[in-house]
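Read the structure below first, then the notes.
Values quoted throughout were computed directly from the atomic coordinates according to the rules given, and no laboratory measurement underlies them. These figures come from a predicted structure and were not determined experimentally. Cβ placement follows ideal geometry from the backbone for every residue including glycine, while neighbour counts extend to all protein chains displayed.
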Amino acid sequence: MANKLNVIIDTNVFISAFITNDISSPTVKILDLFYADKINLYYSDDIISEYKDVLSRKEFNLNKKLIGTFINDIKKLGIKINPESLEEMTIDVKDQPFYELVMNKKLMVVNL
């Protein structure tokens, strides 16, 4: 697909997709787009670390094998970049890796 969107997907989108019972929800549709190779998902090591940390939280009760498979899929199907650190900081320090990717590559952030 020549005109795929270049995106960074915020962790809460994946959480919502995994815990919803509604297979027609927007977050599930975004996950489907990723697996159908209709979007270019960009990530960095810091973002992978956040995905692992948040998806593994007890309150979400997600299967560890599912998390491992999903992270491996991101690494296999996504596009890894190592963004330059930026001097300016976001208000929420946890969002800094996402912000750096956006600013370095001019990507769209998917955050519902």
Review point. Where q = 0.14, 0.15, 0.16, 0.22 Å⁻¹, what log10 of I(q)/I(0) comes from the Debye formula for region 4-83, counting one point per Cα?
Key: -0.43, -0.50, -0.57, -1.11
**Study point:** Local electrostatic count at Ser16 - Lys and Arg +1, Asp and Glu -1, tallied over other residues with Cβ under 13 Å
**Key:** -1
Point to revise | Length gained when the stretch Lys64-Lys80 is fully extended (0.36 nm per residue, less Cα-Cα span) | key: 3.5 nm
Practice item. Kindly rank 44-55, 69-80 from highest to lowest mean number of other beta carbons found within 10 Å of each residue. Key: 44-55, 69-80
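Length gain on complete extension for the stretch Ala36 to Asp22, per 0.36 nm per residue less the alpha carbon to alpha carbon distance?
The Ala36-Asp22 span can extend by a further 3.2 nm.
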